[in-house]
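Here's the structure, in structure tokens; my notes come after.
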Amino acid sequence: MKKTWKVGVSALMAVLLLAGCGANNGNTNTGTTGEGSASGKTVTLKMFIGLPRFKDQFDKYIDQFVAKQKAEKNIDVKVQLEMPSSDNASQILKTRLASNDAPDIYSIHAINEIPSFYRAGYLEDLSNQPFVDRLLDSVKPAVTIDNKIVALPLETQSWGYLYNKKIFNDLNLKVPTTLSEMKQVVETLQKNNIAPFELAYKEAWIPQLFLPLNVGAQISAGNKDFIERMNKNEGSFTEMKSMFDIIDLVNANGTPKALEAGGDDGAAAFANGKAAMWVQGPWYAETILKANPDIDFGIAPLPIDDNPDHTLINLGASTSLVVSPTSKNKEVALDFLNYMLDDKDSSALFESLKFDPVIKSHTYETYPWVKDAQVYVKENKAYRDPSIPQAVKDEVGKGLQSYFSKQMSQDDVLKALDKAWKDYNKVNKQ
Amino acid sequence: MLKNTRKTLYLFYFVAPALLLYTVFMLIPTIGGMFYSITDWNGLNRNYNFVGFANFIEAIKEDPDFLNSLWFTLKYVVVMVVLQNALALLLAVFIESRTRFKGFFRTVFFMPNMISVIISAFMWTFVFTTVLPQLAEKTMMTFLDQSWIGDPRFSFFSIVIVSLWNGVGYMMIIYLAGLQGVPQSLKEAAVIDGANPFQQFRHITLPMITHAITICFFLTLNGAFKVFEVVFGLTGGGPGRATQVITMNIYEEAFSNNFRYGYASAKSVILFVIVLIITLIQIRITKRNEVEA
């Protein structure tokens with residue numbers, strides 16, 4: 001009798017242990033099954049957006065959408081919004097997709113992730129959605145693949161390098177439009193004992209920025225099919241060797257101890273006038289303003305050679321929303337996407353998110369540096385951020401660090417990039 | 001007979017929860033990793049192909065980054081195993097030989113071990129990048145003003161210093177426990193026989209603490225092969241890949257470089273085999289030298 005007791009208790013304990021895991025599964029399952037199709041009364045929509053710092057804004061906007069759906073189509077929409085930090089978002093998402101548990105709507109990186117997600121069949125074709133007509137023409141290419149629009153761009157940015165307007169004004173400097181003019185600016189700055197460039201190379205993604213800037217500019221300067229040829233193993237980075245012209249100029253005229261300064265150190269130094277320019281994008285604006293709220297800085301395109309027509313601004317898109325083709329509530333999901341770029345309501349949302357405008361009716365007041373960059377975009381002095389595989393971007397970051405610390409030559413870096421792209425092709429060939 | 005099987009059954013019930021957790025979180029993922037090491041799965045696609053030993057061959061033959069990181073890790077392992085054990089033993093002997101403030105010194109030297117490795121790495125980043133240069137400026141000791149974590153010539157030593165600072169305390173405690181287990185009578189007998197302090201240490205203390213040495217060598221060896229946080233926090237493997245350790249190379253392959261899960265799994269299996277063989281040899285050798293009082 002006693003013994004049966006013991007057996008019973010230990011069995012019970014084991015069951016309890018399992019139940020602990022089971023409870024969780026139960027919760028997520030109610031989400032996937034949903035409650036019938038869009039024609040029914042209640043619909044559960046699962047969203048996965050890697051922008052946790054904007055939770056309040058999204059919650060509010062989703063509430064508006066829910067009210068709108070109820071009023072117009074008499075559908076009760078329940079939204080399960082998940083906002084993981086952007087560092088882990090992509091890994092969590094991939095685990096979900098691999099285990100057939102795709103959210104109805106999720107966010108991916110437009111330039112880096114669309115090609116691989118598209119090939120794996122995880123993106124719904126959105127070309128026929130009403131929001132497509134409203135998109136600015138300059139934004140469309142970033143979310144287009146095989147002539148299909150597969151994502152809704154949320155976060156777009158135009159960038160080149162940042163410059164300290166006060167230093168430039170004090171020394172009567174003009175924003176250089178060619179490499180030679182840049183050299184003169186550097187000389188003047190050196191004469192006045194101001195470090196021309198902020199160098200913060202501890203984190204590999206910062207020197208990495210040179211690659212999209214150079215490749216993008218050289219593609220629009222004439223090497224049109226570079227990306228396509230690289231994807232077919234027919235190109236080589238030796239064609240891009242002239243990118244070291246500007247890289248050498250920046251490296252030779254920067255702040256000391258570059259390999260010890262991270263992004264935040266760089267932002268603080270730049271904000272406090274330790275250097276006049278920084279090859280960096282506006283995504284650091286908040287950090288810079290935190291370090292020095294009074295700084296006046298602008299964005300300008302990085303010159304790559306002596307032709308002023310090749311000095312263009314980089315126009316990229318990062319966070320974008322897509323719809324899963326396996327979604328059971330596709331109609332509601334598509335409604336939500338169209339509402340994200342609603343002519344009437346989305347202006348306020350984008351303004352509160354501090355994102356750049358993506359549709360024609362976005363006419364809110366933006367930051368001065370965004371306006372600077374928009375001038376170039378409107379004059380068509382911009383190119384689309386080239387679609388370079390993430391693995392190649394990682395490689396160039398490390399390569400340029402090694403180049404800076406003189407462990408690799410220019411040719412070593414270019415060779416390593418060729419290999420990284422070939423490896424990428426090998427892995428991603430389907 | 002029947003009683004015996006029943007007893008085993010009960011024992012099984014008691015270990016069942018732990019065994020279940022171990023199976024779910026350790027055994028299955030390990031076997032899964034070995035399985036993926038012979039595929040070309042990229043972590044995203046639903047399907048994958050079996051490629052046999054191609055991943056292993058590529059890692060050994062065509063991946064200079066992997067071999068470099070392996071070489072760097074081996075250097076680190078040798079330096080760490082020697083220095084960590086020597087320092088820990090030295091500290092333990094020093095503390096054991098004191099009559100007062102034993103507890104104080106024990107606490108002081110053990111304290112760094114209570115700080116998480118990644119946090120101590122960030123603390124030391126501050127020391128290397130801000131404190132040392134300022135010290136150099138104030139005291140005119142200009143040799144201190146180096147690019148301690150940015151220059152590949154110095155960053156290896158910076159990594160070793162931080163790892164030692166963090167890890168020595170733990171080994172010291174194990175050695176202290178070993179030292180306290182050495183019977184006083186043996187030491188006294190040696191003194192009567194006319195042994196000097198060095199001879200006492202060499203012929204009495206050292207043989208009596210070999211079990212502690214076995215454990216400490218095993219722990220340091222294992223830990224040094226699997227080092228990640230210190231390097232990640234200090235240099236991030238940079239500049240370039242100059243200080244990339246093997247775990248970091250695997251991480252990069254699986255999570256940032258094309259997401260080659262299959263290939264990264266193969267590298268993990270290689271690391272596993274290396275660590276397994278080396279620790280087995282180490283345990284066999286040190287065990288052979290263990291003596292009973």
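The values are calculated or read from the model by the stated rules, or taken from the named source; none is laboratory data. Predicted model only: the values in this text are computed from it and were never measured. Cβ coordinates were reconstructed from backbone atoms using ideal geometry, including for glycine residues, and neighbour counts include every protein chain displayed.
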Which residue pairs have Cβ atoms under 7 Å apart, sit 6 or more places apart or on different chains, and have a first residue in the stretch A:301-330 that is more than 22 Å from A:T156 (Cβ to Cβ) and in the same structural domain as A:I114 (by TED's automatic domain parsing) and a second that is buried (at least 24 other Cβ atoms within 10 Å of the Cβ) and acidic (D, E)? A:S324/A:D104; A:S327/A:D104; A:N329/A:D104
Taking the stretch B:152-210 as the region of interest, how many residues are in a helix (DSSP H, G or I), among the small types (G, A, S) and farther than 30 Å from B:V230 by Cα? 3
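Results for (1) in contact with a strand residue (DSSP E or B) (Cβ under 8 Å, 6 or more places away or on another chain); (2) assigned to a helix (DSSP H, G or I), shown as yes or no for each residue.
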{"position": "B:T5", "(1), (2)": "no, yes"}
{"position": "B:Y13", "(1), (2)": "no, yes"}
{"position": "B:Y22", "(1), (2)": "no, yes"}
{"position": "B:M34", "(1), (2)": "no, yes"}
{"position": "B:G43", "(1), (2)": "no, no"}
{"position": "B:Y48", "(1), (2)": "yes, no"}
{"position": "B:Y76", "(1), (2)": "no, yes"}
{"position": "B:Q84", "(1), (2)": "no, yes"}
{"position": "B:T99", "(1), (2)": "no, no"}
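When you scan the stretch A:266-287, how many residues do you find that are out of contact with any strand residue (DSSP E or B) (no Cβ under 7 Å at 6 or more places or on another chain) and farther than 14 Å from A:L199 by Cβ?
Within the stretch A:266-287, the first condition is being out of contact with any strand residue (DSSP E or B) (no Cβ under 7 Å at 6 or more places or on another chain), and the residues that meet it are A:267-268, A:271-272, A:284-287.
The next check asks that each one be farther than 14 Å from A:L199 by Cβ; those that pass are A:271-272, A:284-287.
Looking only at that region, the number is 6.
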Quick check: anything in the stretch B:183-193 farther than 21 Å from B:L83 by Cα and surrounded by 18 or more Cβ atoms within 10 Å (Cβ to Cβ)? yes
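One line per residue, one yes/no per condition, for (1) surrounded by fewer than 22 Cβ atoms within 10 Å (Cβ to Cβ); (2) within 14 Å of chain A (Cβ to nearest Cβ); (3) closer than 23 Å to B:F128 by Cβ:
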{"residue": "B:V231", "(1), (2), (3)": "no, yes, yes"}
{"residue": "B:I246", "(1), (2), (3)": "no, no, no"}
{"residue": "B:E253", "(1), (2), (3)": "no, yes, no"}
{"residue": "B:A264", "(1), (2), (3)": "no, yes, no"}
{"residue": "B:Q282", "(1), (2), (3)": "yes, no, no"}
In the stretch B:128-151, how many residues are without any contact (Cβ under 8 Å) to a residue 12 or more places away in the chain, assigned to a helix (DSSP H, G or I) and more than 12 Å from every other protein chain (Cβ to nearest Cβ)? 9
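When residues of the stretch B:256-286 are filtered for being closer than 20 Å to A:P389 by Cβ and either free of Cβ contacts under 8 Å to residues at least 24 places away in the same chain or of a type outside the set (F, W, Y) (or both), how many remain? Before the answer, list the steps.
Step one: filter the stretch B:256-286 for residues closer than 20 Å to A:P389 by Cβ, giving B:256-264.
Filter once more, keeping what is either free of Cβ contacts under 8 Å to residues at least 24 places away in the same chain or of a type outside the set (F, W, Y) (or both): B:256-258, B:260, B:262, B:264.
Of the residues in that region, 6 qualify.
Okay, residues lined up against (1) under 25 Å from B:S69 (Cα atoms); (2) surrounded by fewer than 16 Cβ atoms within 10 Å (Cβ to Cβ); (3) of a type outside the set (A, V, I, L, M):
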site: B:E96; (1), (2), (3): no, no, yes
site: B:K102; (1), (2), (3): no, yes, yes
site: B:N113; (1), (2), (3): no, no, yes
site: B:S116; (1), (2), (3): yes, yes, yes
site: B:Q146; (1), (2), (3): yes, no, yes
site: B:V168; (1), (2), (3): yes, no, no
site: B:M171; (1), (2), (3): no, no, no
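Out of all the residues in the stretch A:172-228, which are aliphatic (A, V, I, L, M), within 14 Å of chain B (Cβ to nearest Cβ) and farther than 14 Å from A:Y161 by Cβ? First the steps, then the outcome.
Step one: of the stretch A:172-228, the residues aliphatic (A, V, I, L, M) are A:173, A:175, A:179, A:182, A:185-186, A:189, A:194-195, A:199-200, A:204, A:206, A:209, A:211, A:213, A:215, A:217, A:219, A:221, A:227.
Still in the running and within 14 Å of chain B (Cβ to nearest Cβ): A:199-200, A:204, A:206.
Within the stretch A:172-228, just A:A204 meets the criteria.
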Among the residues in the stretch A:201-217, are any on the phi > 0 side of the Ramachandran plot and loosely packed, with under 15 Cβ neighbours inside 10 Å? no
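On the basis of being more than 14 Å from chain B (Cβ to nearest Cβ) and outside any loop (DSSP other than H, G, I, E, B), does A:A276 make the cut?
Details: more than 14 Å from chain B (Cβ to nearest Cβ): yes; outside any loop (DSSP other than H, G, I, E, B): yes.
Against the criterion (more than 14 Å from chain B (Cβ to nearest Cβ) and outside any loop (DSSP other than H, G, I, E, B)), A:A276 qualifies.
Going through A:K381, A:K406, A:K393 one at a time, which residue ends up being touching a residue at least 12 places away in the same chain (Cβ under 8 Å), of a type outside the set (F, W, Y) and within 14 Å of another protein chain (Cβ to nearest Cβ)?
Numbers: A:K381 fails: within 14 Å of another protein chain (Cβ to nearest Cβ); A:K406 fails: touching a residue at least 12 places away in the same chain (Cβ under 8 Å).
Of the residues listed, the single one that is touching a residue at least 12 places away in the same chain (Cβ under 8 Å), of a type outside the set (F, W, Y) and within 14 Å of another protein chain (Cβ to nearest Cβ) is A:K393.
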Starting from residues that are surrounded by 23 or more Cβ atoms within 10 Å (Cβ to Cβ) and not in a loop (DSSP other than H, G, I, E, B), keep the ones in the stretch A:261-270 and report whichever is nearest to the other protein chains (Cβ to nearest Cβ). A:G266
Which condition from (1) away from every other protein chain (no Cβ under 14 Å); (2) modelled with pLDDT under 90; (3) within 30 Å of A:L259 (Cα to Cα) is the one that B:G237 breaks? (1)
In the stretch A:151-178, residue surrounded by the fewest Cβ atoms within 10 Å (Cβ to Cβ) [restricted to those that are within 16 Å of the chain's Cα centre (by Cα) and in a loop (DSSP other than H, G, I, E, B)]: A:E155
Checking the structure you have, find out if any residue of the stretch A:139-160 is in contact with a helix residue (DSSP H, G or I) (Cβ under 9 Å, 6 or more places away or on another chain), basic (K, R), modelled with pLDDT under 90 and closer than 20 Å to A:A252 by Cα. no
Which numbered condition A:E228 misses (of (1) in contact (Cβ under 8 Å) with a residue 40 or more places away in the chain; (2) assigned to a helix (DSSP H, G or I)): (1)
Checking B:I270, B:I204, B:I215, B:I209 in turn, the sole residue that is crowded, with 22+ Cβ neighbours inside 10 Å and away from every other protein chain (no Cβ under 14 Å) turns out to be B:I209
Would you check if A:L17 is modelled with pLDDT of 85 or more, part of a helix (DSSP H, G or I) and within 14 Å of another protein chain (Cβ to nearest Cβ)? no
Considering residues that are away from chain A (no Cβ under 12 Å) and over 25 Å from the mean Cα position of the chain (by Cα), the number found within the stretch B:40-82 is 5
So is A:I359 in contact with a helix residue (DSSP H, G or I) (Cβ under 9 Å, 6 or more places away or on another chain) and over 23 Å from A:E239 (Cβ atoms) or not? yes
Taking the stated definitions as given, is A:N428 polar (S, T, N, Q), over 19 Å from the mean Cα position of the chain (by Cα) and either within 28 Å of A:I247 (Cα to Cα) or more than 10 Å from chain B (Cβ to nearest Cβ) (or both)? no
Residues (part of a loop (DSSP other than H, G, I, E, B) and more than 15 Å from A:F210 (Cα to Cα)) located in the stretch A:231-260: A:K232, A:N233, A:E234, A:G235, A:S236, A:N253, A:T255, A:P256, A:K257
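Quick check on A:A416: is it within 14 Å of chain B (Cβ to nearest Cβ), modelled with pLDDT under 85 and under 29 Å from B:R153 (Cβ atoms)?
Values: within 14 Å of chain B (Cβ to nearest Cβ): yes; modelled with pLDDT under 85: no; under 29 Å from B:R153 (Cβ atoms): yes.
It is false that A:A416 is within 14 Å of chain B (Cβ to nearest Cβ), modelled with pLDDT under 85 and under 29 Å from B:R153 (Cβ atoms).
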